[in-house]
Amino acid sequence: MRLFHLRTFVYLILSVQSLVIRTSSANHATVSTRNCIGSAENATNELWKVEFSSDVVENEYIVAFNDYYSSKARNSFVASALKSSEVVSWNILPRNNPASDYPSDFEVIQILEKTQASLEALLQHPFVKRVTPQRRVIRTLKSSEDSPVEYKPCNKSEPCWQQKWQSSRPLRRSSLALGGAFWHSTGRYTSRRLLKAIPRQITNALQADILWEMGYTGAGIKVAVFDTGLNENHPHFKKIKERTNWTNEKTLDDGLGHGTFVAGVIASHKECLGFSPDADLFIFRVFTNNQVSYTSWFLDAFNYAILKKINVLNLSIGGPDFMDHPFVDKVWELTANKVIMVSAIGNDGPLYGTLNNPADQMDVIGVGGINFEDNIARFSSRGMTTWELPGGYGRVKPDIVTYGSAVRGSGIKSGCRTLSGTSVASPVVAGAVSLLASAVLQRLHVVNPASMKQALMASARRLPAVNMFEQGHGKLDLVRAYQILSSYKPQASLSPSYVDLTECPYMWPYCTQPIYHGGMPTVVNVTILNGMGVTGRIVEKPAWQPYTPQNGNYIEVALSYSPTLWPWSGYLAVSITASKAAASWEGVAQGQVTLTVESPPEEEPRRSLLKLSIKVKVIPTPARSRRILWDQYHNLRYPPGYFPRDNLRMKNDPLDWNGDHIHTNFKDMYQHLRTAGFYIEVLGAPLTCFDAKQYGTLLLVDAEEEYFPEEITKLKRDIDNGLSVMIFSDWYNVQVMRKVKFYDENTRQWWMPDTGGANVPALNDLLSPFSMAFSNQVYEGDFTLGGHEMYYASGGSIAKFPAEGVLVRQTLKDQGHEVLKGETVTAEDVPILGLHQVADTSGRMVLYGDSNCLDSSHLQKDVELPERMEGNHLYRYSKILETHGLGTPQARPLPACPHLAWAKGEPLNISAPTNLYKHQKLLSIAEPVMPVVGRREPQVIPHAIQEKPGWEVGPGGIITQQQDNTHTLPVIAFLGMAVVLIFFALQVHKTKTKPRRRYRPPRLKRIQQLVGRMPNV
């Protein structure tokens, strides 16, 4: 089945634009396209399916305190808080684990009466930070066949809509392992070549034996494995320091094998070797044999890891919920205590914007997966991070990638097995980090979460033809990382370390569209890593320095940044646009941003001067008809609210958590529009904050947010003045929303979704001045339009449309009736597409009832107008609504449009570096000496740069030479050869012009003649 074809979408864009340019025929670009689902290979592969569910434990709550207290103190805090609420039936649950003997920062309590009053009383206590429900997590790993999803028709005997969603967050942190021998490729064309054999040992593939032969094997490093446990007498491990059980089962052994495999990749010393066989293993059993865990188990185990002074912690789990405050807060606390956390980035690839938490956090090393062909594994999640959406732009993640496909590791009792997934790539990096830390044991005081990440990223090998949101900084290179770490000097650095908007494909999507005057600023979110200390700050303000010889005056830069860097990290948001002087100029402009990072002094002041090189392509401002504005402001996502999927068939993945951005789940749409010659800009502010005279079309896709009254008024005026608008809606039906209700973990009540696939009542308010509206019906089905096969996936229909407009009708299935009654009913003449010319001098409007046609994450009569669901909680997450008491939520006052403070340029009359990527080097204190070891493969190790006169601190905090060596080397070679030739010419000339001397016998012969012949000996 196929969705709305992207070629048709481009055609519609061209059609609505044609009014603006006033031509008799639209300029139809021929684009090689595929439908929204694409052509999937029907290959069958064995993999581990991860099913994951979560529910709350009735009447149990986690009370988090603002510090660590003894058990007696915690009990008194809870008792005094609940005494004021007159609650009698409550008790503190015992925690039978090793952490119970130590002070803690939380308690688990059971409340059997007056729940709401009790929670409010607890929150009023001065030492209580937060109260959250106790959560039970169930993870299911099972082997299955990877085959295309097939949608079966519903019937009474086998209804499709028996929902089992019991949580607002059904996608919890799960094991990120797939099955053995699961091969993937990026889908890019490559020429024929010899395939690499799968290595018997993953350690050989990453040259760990080089460090082993130097005597480094992980000794002295404490490594924690949070998983399913490990059998005591497993023959592959020789240094199991401690096994602890945090579950309610009375066993320490691994009943599933996943924890054993992960531990083996890190520290096995037999058969399938791990990277650090002599590391001290601390095994944390946090999942039962039924694959159940609780939030409190993780919190207790994390506290114990801090007490045990763990150096490296592997977490092969992940989930989309970065709003899980107790978990995220504890991860920050772990890294603040110098625990280097390594976590899997997720198995939700190849979709973009699917990163898992905690790997998407700045202080955690997030690991993606590749196969042994050095292709990004299809399963590996892609960036950007979505914390910052919809107002800003995401950060670069993963940090690095490494082998995660068909990797051999320890079996549950002995022997080896093969697994795939980022759950496998994570322990590969955790084992490598442990080995690296043991190699610099004498300098362990400079090893911390930031410095280790800096060394891994600076040494990583960049993969060709792969962008930064797929590979991060590149493939793990263990030997190069050792060389950098052994000479590392504490410093701050940037990720990415430069911004080159002309470098494709690595800088995708930035490199795909030049900047121009009058366009929305391009935002690059840079991570600041502070290897000098857990806390830091930016001294004074960052400065913008345009390069005068490289046309730096044609670009303007605005900067925002973290006021405090903690733990080990912060952000620098760089907004770039073309200056007014560049309105008709075309070329490449360059400059740099400089900033100073400072950490509290120890023996001496700790400062780093950072330089971020910026290079952009500037073009004259395009014609209005080629400029499209994407509305990002009115997109909401999970978390924090429950916003359901646009496609109701996706019951196993009900939460819309991809972020709805043109560079994540709408990536294909963006690429097709760019190929067709359009320029797409992103609006992160209300509709009152853009100049409609600059744009041909406004795109409103899958909007969940409400609209300010002022926005409705302005849009009517903009359309009257020639702006065209395309609106892609989705389903909205109150009865269907009640059918997919969930049990809210915070209020402990059954809640409905805060909106449908789109906020259709809000869209109808926006369309009311034009006598247009969407209905509350839900349809699906296949049809053909313009010669293209299409699939309508849980879309709405058009209820009202002007009589002079054009409506396209199709025969579809009534999916709403199917959801509610379990019966399949066909509806004829369903209006799904409307096209209308508002007036001769006005813009055009296009309405379509389904946005799934554009969304890459869904690779798969009289009508009633919808009304807002009574009692919905959209106002809690809305930027527009607010509530006063028990009344109906009202619109907030319209906020002022954001105005960026453009940095005043400090021009530099120097030449910019020609290759920004090769320009980056980490600051070092000495050049380590690598021994020569027996290897069948050539060893390529770059030289570290020493501190010498003639070097300066370069971009990313880093030392660079004042001139580009790549251009001076040929000149030096030529001059050297000239000097040699001149020398020989002078010698020949000197020999020819020297006067001839009288022959004299050798000195020894003259002595013999004087003293006579010497006697024989």
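Quick notes
- Exceeding the 28 Å Cα-Cα cut-off - candidates Lys397/Lys541; Lys714/Lys879; Lys397/Lys611; Lys83/Lys739; Lys821/Lys879: Lys83/Lys739; Lys821/Lys879
- Cα gyration tensor, the range 364-454 - rounded (a/c under 1.5), prolate or oblate: oblate
- Once you reduce the range 680-709 and the range 438-456 to the center of their Cα atoms, the two points are 47 Å from each other.
- Met341 accessible area, 1.4 Å probe, all protein chains in place, Å² to nearest 10: 0 Å²
- Residues of the range 529-563 with an amide N closer than 19 Å to a point placed 7 Å from the Cα of His899 along the Cα-to-Cβ direction: 556-560.
- Leu908 accessible area, 1.4 Å probe, all protein chains in place, Å² to nearest 10: 40 Å²
- Nitroxide proxy distance, nm - points 7 Å out along Cα→Cβ at Leu785 and Asn248: 5.2 nm
- Farthest toward the positive end of the dipole of the range 278-395, out of Trp387, Val364, Leu281, is the Cα of Leu281, where the dipole comes from beta carbon charges about the Cα centre.
- Shape category assigned to the range 317-376 from the gyration tensor of Cα positions, a/c cut at 1.5: oblate
- Tensor-based shape of the range 304-428 (alpha-carbon gyration tensor, a/c under 1.5 rounded, otherwise prolate or oblate): oblate
- Rounded accessible area of Ser118 (nearest 10 Å², 1.4 Å probe): 0 Å²
- Cβ charges +1 (Lys, Arg) and -1 (Asp, Glu), total dipole of the range 218-357, debye: 500 debye
- For the pair Lys72 and Lys541, the difference between a 0.36 nm per residue extended length and the Cα-Cα distance amounts to 164.1 nm.
- Each Lys and Arg Cβ is given +1 and each Asp and Glu Cβ -1; about its Cα centre, the range 797-839 then shows a dipole of about 100 debye.
- Local charge for Phe282 was computed over the other residues whose Cβ lies under 13 Å away, with Lys and Arg +1 and Asp and Glu -1, and equals +4.
- Inter-label distance, nm, simple model (7 Å from Cα along the C-beta direction), His445/Asp829: 8.5 nm
- Semi-axes of the equivalent ellipsoid for the range 213-312, computed as √(5λ) from the eigenvalues of its C-alpha gyration tensor and ordered from largest down, come to 23, 16, 9 Å.
- Along the axis of the charge dipole computed for the range 727-850 (Cβ charges of +1 for Lys and Arg, -1 for Asp and Glu, origin at the Cα centre), the listed residues Ala803, Asn759, Tyr779 are led at the positive end by Asn759.
- The listed residues Trp332, Trp585, Trp568, once ranked by accessible area (1.4 Å probe) with the largest placed first, stand as Trp332, Trp585, Trp568.
- Over 11 Å [Cα-Cα, the range 527-568], rounded percent: 71 percent
- Put a plus charge on the Cβ of each Lys and Arg, a minus charge on the Cβ of each Asp and Glu, and nothing anywhere else: the dipole of the range 481-585 about its Cα centre is then about 200 debye.
- Under the simplified labelling scheme, the Arg674-Leu975 pair shows an inter-label distance of 4.2 nm, with each label point 7 Å from Cα along Cα→Cβ.
The values are calculated or read from the model by the stated rules, or taken from the named source; none is laboratory data. Every value quoted in this text rests on a predicted model; they were computed, and no experiment measured them. Every residue, glycine as well, gets a Cβ built from its backbone with ideal geometry; the counts of neighbours run over all protein chains shown. Keep in mind that these areas ignore ligands, DNA and RNA; they rest on the heavy atoms of the full protein, side chains included. Shrake-Rupley method; radii C 1.70, N 1.55, O 1.52, S 1.80 Å.
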